[in-house]
Amino acid sequence: MKIAILSRNKNLYSTRRLVEACEQRGHEAMVLDVLRTYMNIASSKPETHFKGEVLPPFDAVIPRIGASVTFYGTAVLRQFEMTGAYPLCESVAISRSRDKLRSLQLLSRRDVGLPITGFAHNPDDIQDLIKMVGGAPLVIKLLEGTQGIGVVLAETKKAAESVLEAFMGLKANILVQEYIKEAGGADIRCFVIGDKVVAAMKRQAQPGEFRSNLHRGGNASLVKITPAERATAVKAAKVMGLNVAGVDLLRSERGPLVMEVNSSPGLEGIEAATGKDVASMIIEFIEKNAKPHRTKTRGKG
């Protein structure tokens with residue numbers, strides 16, 4: 001098969017591993033910088049160009065689209081979908097998962113466990129917003145934040161009021177969530193491919209830090225997950241419509257709670273912590289499922 005990998009940097013660990021896995025399994029991989037990939041949108045014969053050349057047809061495309069280029073990246077992916085390439089994750093599903101508020105609303109509608117979350121616009125509603133999520137301590141998140149950036153733990157009601165007033169004054173869109181104390185600054189990253197959790201790791205925050213992201217110095221270790229955690233992770237990925245996802249769970253007294261569903265989960269941490277060849281599992285999934293024009297939305301929506 002001829003497989004395109006949409007990635008800004010071919011030297012990134014995840015991109016390199018996917019190329020290796022493609023080649024080991026006898027496929028041809030081509031890494032395309034999504035911002036250098038552009039489109040001729042024609043009704044009879046849509047084309048995709050890269051650095052001045054018309055790209056040949058691809059059997060499948062693996063999107064590794066960063067959060068900062070979601071709009072353009074999904075437009076490029078949609079073009080590949082229109083030309084018949086099989087997308088590992090569809091453009092509509094990626095857009096859905098990248099909108100934190102929308103994704104939580106969709107998960108809530110399907111009864112997936114979530115931390116109590118509040119969303120408001122007017123500073124006059126701050127008092128009720130804080131009460132809604134169970135009071136301080138609470139977590140305040142910028143909707144546009146990624147990798148733990150723009151996430152604040154307000155330990156007192158006064159601190160929560162000050163941070164919320166500041167963010168609202170800047171016209172920032174924010175979520176307010178209950179703080180799950182029993183999680184102890186740790187979360188579980190479940191790597192979902194298709195309808196299975198193929199690998200899982202526990203991410204533990206550094207002392208004095210509550211964000212467990214590996215980019216923020218968190219430590220990753222192998223973890224055994226429960227059947228409830230496994231079922232929750234698979235259901236969350238399915239609700240988003242993602243074939244491959246990193247589902248982040250918090251262990252709470254009322255069961256697993258979904259913190260986030262990531263449409264471009266990194267491979268380095270999960271492969272190092274579990275010793276599993278996740279990259280090859282992804283290519284194997286494509287081999288089993290890739291067929292021309294198999295996109296459910298056919299580039300629509």
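Yes or no, residue by residue, for (1) in the same structural domain as PRO256 (by TED's automatic domain parsing); (2) touching a strand residue (DSSP E or B) at 6+ places or on another chain (Cβ under 9 Å); (3) surrounded by fewer than 16 Cβ atoms within 10 Å (Cβ to Cβ); (4) at pLDDT 95 or above:
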position	(1), (2), (3), (4)
ASN122	no, no, yes, no
ALA136	no, yes, no, no
VAL139	no, yes, no, no
GLU144	no, no, yes, no
ILE149	no, yes, yes, no
VAL152	no, yes, no, no
LEU164	no, yes, no, no
LEU170	no, no, yes, no
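Return the pair list, or none, for Cβ contacts closer than 7 Å from residues in the stretch 8-31 that are outside any strand (DSSP E or B) to residues that are of a type in the set (Asp, Glu), at least 6 apart or on different chains.
Between residues of the stretch 8-31 that are outside any strand (DSSP E or B) and residues that are of a type in the set (Asp, Glu), the close pairs are ARG8/ASP33; TYR13/GLU268; SER14/GLU268.
Give the stretch 84-113 a look and list any residue that's buried (at least 19 other Cβ atoms within 10 Å of the Cβ) and part of a loop (DSSP other than H, G, I, E, B), or say none.
ALA85, LEU88, CYS89, GLU90, VAL112, GLY113
I'm trying to understand the selection: among the residues of the stretch 66-84, which are modelled with pLDDT under 95 and under 14 Å from the mean Cα position of the chain (by Cα)?
Matches in the stretch 66-84: GLY66, ALA67, SER68, VAL69, THR70.
Among the residues of the stretch 11-24, is there at least one that is among the charged types (D, E, K, R), closer than 13 Å to PHE80 by Cβ and assigned by TED's automatic domain parsing to the domain that holds GLN79?
Step one: list which residues in the stretch 11-24 are among the charged types (D, E, K, R), which gives 16-17, 20, 23.
Right, trim to closer than 13 Å to PHE80 by Cβ and you get none.
The answer is no, given that none of the residues of the stretch 11-24 is among the charged types (D, E, K, R), closer than 13 Å to PHE80 by Cβ and assigned by TED's automatic domain parsing to the domain that holds GLN79.
Quick test for you: out of LEU77, LEU35, pick the one residue that is buried (at least 16 other Cβ atoms within 10 Å of the Cβ), part of a helix (DSSP H, G or I), in contact with a helix residue (DSSP H, G or I) (Cβ under 7 Å, 6 or more places away or on another chain) and among the aliphatic types (A, V, I, L, M). Before you say what the answer is, go through the steps one by one.
On the way: LEU35 fails: buried (at least 16 other Cβ atoms within 10 Å of the Cβ).
Exactly one residue qualifies, and that residue is LEU77.
Identify, please: which residue in the stretch 196-221 is part of a strand (DSSP E or B) and closer than 23 Å to ASN243 by Cα and is, among those, modelled with the lowest pLDDT? Please lay out each step first, then the result.
The initial filter retains those residues of the stretch 196-221 that are part of a strand (DSSP E or B), namely 196-204, 219-221.
In the following step, the residues that additionally are closer than 23 Å to ASN243 by Cα were identified as 196-203.
Numbers: LYS196: 96, VAL197: 98, VAL198: 97, ALA199: 97, ALA200: 97, MET201: 96, LYS202: 93, ARG203: 90.
Step by step, filter the stretch 196-221, then rank; the result is ARG203.
The values are calculated or read from the model by the stated rules, or taken from the named source; none is laboratory data. Small disclaimer: the values here were computed from a predicted structure and weren't measured. Neighbour counts run over all protein chains shown; Cβ positions are idealised from the backbone, glycine included.
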